[in-house]
Amino acid sequence: MEGVVTTVYSSYLHIAYDLADPRTRDWFLTGSPWTLFAVLGMYLFVVKVAGPRFMKDRPAYNIDGIIAVYNIAQVTICSYLFITGVTFGWGTKLRFYCEPVDTSSKPLAIEMARWSWMVYMTKILDLLDTVFFILRKKNSQISFLHVFHHSLTLLIVGILARLTPGGHAVLDAAVNCFVHMVMYFYYFITNTFPEYKKKIWWKKYITQVQLVQFAFLVFHNLPTFIQRDCGFPAFAGGMICLENLFLFYLFSKFYVKTYWKTKEN
């Protein structure tokens, strides 16, 4: 038993520290894997314990102005990350798949590492979605899908920012930034101008775009662990594949329940 514990602990140290990219090891919230777990644990504590207790005997807060600023900020940040993410040189300087992580100090390599870290920060910022639901007592919006999506995405992106900041996964994150740009623009319109909410006919297409995104990320990462000598780490590609398979399944169920069954009824 002692040997098993020692092996597991040694494997953890190897993955968490030996494989960590030396360039991001000392950056904010990437210095230790425990910082990621602490943020995730704090989020789940707020969602499941602290938030409901705080709002139990309080009326819903009117924070529409804060949410409007937040949504505009998200649209701006995601637009910037999408534009910069797709202009790194895919198809010219970089391969569309199996692009290795350049761990050197070359300008492009450092820029991609910083870009990956910024995406990680946006996933922490995304957690405010749930906090706003709690403060507005929109408890029906805090579904298993909502919490699972935020938690899993933060976990995967946080791991990638520490271990593989750059390369193949940057294109995946850029696609995700585009989807979030559209999504938060929709949130801005519907929260700031609620009179237009029923007039927006393209709501369901946002979920369709999300499903296309999940499918793309699965197929984009398949070569990382089935192609021999793929330059991007197989464990990272495998995590992205599994994450997006789960999300495709869950969002498909949501789409069928929300749009197909509603239409039939």
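How long are the semi-axes of the equivalent ellipsoid of the chain, defined as square roots of 5 times the Cα gyration tensor eigenvalues? Whole Å, largest first.
One finds semi-axes of 33, 23, 19 Å for the chain.
Go through 50-61, 164-175, 139-150 and give me the packing order, highest mean Cβ count within 10 Å leading.
The peptides rank, most packed first, as 164-175, 139-150, 50-61.
Once fully extended, how much extra length lies between Val131 and Ile226, figured as 0.36 nm per residue of separation less the alpha-carbon to alpha-carbon distance?
Difference between extended and current length: 30.2 nm.
Determine which residues of the stretch 196-238 fall in the zone a paramagnetic label at Thr103 would reach in this model, i.e. backbone nitrogen under 15 Å from the point 7 Å along Cα→Cβ.
What the label zone holds, given the 15 Å backbone N cut-off, is 231-236.
Put +1 on the Cβ of every Lys and Arg and -1 on every Asp and Glu Cβ in the chain; which of Leu81, Val147, Leu160 then has its Cα farthest towards the positive end of the dipole?
The residue sitting farthest along the positive end of the dipole is Val147.
Just want to confirm a number: the relative contact order over the chain, from Cα pairs under 8 angstrom separated by 6+ residues, in percent.
Once divided by the residue count of the chain, the mean separation gives 26 percent.
Between Thr192 and Phe216, with labels modelled 7 Å along Cα→Cβ, what's the label distance in nm to one decimal, could you check?
Taking the simple label geometry, Thr192 and Phe216 are separated by 2.5 nm.
If you place +1 on the Cβ of every Lys and Arg, -1 on the Cβ of every Asp and Glu, and leave all else neutral, what size is the dipole of the stretch 19-109 about its Cα centre, to the nearest 20 Debye?
In total the dipole reaches around 140 debye.
Does anyone have the angle between helix 33-45 and the longest principal axis of the chain? Alpha-carbon axes, 0 to 90°, nearest 10?
Helix 33-45 sits at roughly 20 degrees to that axis.
Checking the table Lys56/Lys203; Lys93/Lys204; Lys137/Lys253; Lys48/Lys257 against a 28 Å threshold on Cα-Cα, which pairs fail?
Lys56/Lys203; Lys93/Lys204
Suppose each label sits 7 Å from its Cα in the direction of the beta carbon; what would the Phe235-Tyr249 distance come out to in nanometres?
A separation of 2.3 nm, rounded to one decimal place.
Convex hull volume of the Cα atoms in the stretch 63-181, per residue, in Å³?
99 Å³
Can you give me the long-range amide H partners of Phe88? Hydrogens built in the peptide plane at 1.01 Å from N, cutoff under 5 Å, separation of 5 or more residues or another chain.
none
Roughly what angle does helix 2-13 make with the longest principal axis of the chain, taking Cα atoms, 0 to 90 degrees, to the nearest 10?
The angle comes out at about 80 degrees.
Please list 3J(HN,Hα) in residue order for the stretch 129-144, calculated via the Karplus relation 6.51 cos²θ - 1.76 cosθ + 1.60 where θ = phi - 60°; whole Hz, with x for glycine and proline.
With coefficients 6.51, -1.76 and 1.60, one gets 3, 5, 4, 5, 4, 5, 5, 9, 6, 8, 5, 5, 7, 8, 7, 4 Hz.
Hey, could you pull the Cα Rg and Dmax for the stretch 9-133, both in Å?
For the stretch 9-133, the Cα radius of gyration and maximum Cα-Cα distance read 18.8, 59 Å.
Taking the Cα atoms only, what angle lies between the long axis of helix 203-221 and the longest principal axis of the chain, rounded to 10 degrees?
So the helix axis and the longest Cα principal axis differ by about 10 degrees.
Apply the Karplus parameterisation 6.51 cos²θ - 1.76 cosθ + 1.60, with θ equal to phi minus 60°, to every residue of the stretch 181-192 and state each ³J(HN,Hα) to the nearest whole Hz, in sequence, with x for glycine and proline.
4, 5, 4, 6, 5, 4, 4, 4, 4, 6, 7, 7
With a 1.4 Å probe and all protein chains left in place, how much of the accessible area of the chain comes from carbon and sulfur atoms, in whole percent?
67 percent
At 1.4 Å probe size, put Phe178, Phe232 in order of accessible surface, largest to smallest.
Highest to lowest solvent-accessible surface, that is Phe178, Phe232.
Using only Cα atoms, what Kirkwood radius does the stretch 128-193 have, in angstroms?
Hydrodynamic radius (Kirkwood, Cα pairs) of the stretch 128-193 is 13.8 Å.
I'd like the distance separating the alpha-carbon centroids of the stretch 22-88 and the stretch 218-241, in whole Å.
Cα centres, the stretch 22-88 to the stretch 218-241: 28 Å.
The values are calculated or read from the model by the stated rules, or taken from the named source; none is laboratory data. The shown structure was predicted, so the numbers you read here are calculated from the model rather than taken from an experiment. When we count neighbours, we look across all protein chains shown, and the Cβ atoms used for this are built from the backbone with ideal geometry, even at glycine. These accessible areas exclude ligands, DNA and RNA; they are computed on the full protein's heavy atoms, side chains included. Shrake-Rupley method; radii C 1.70, N 1.55, O 1.52, S 1.80 Å.
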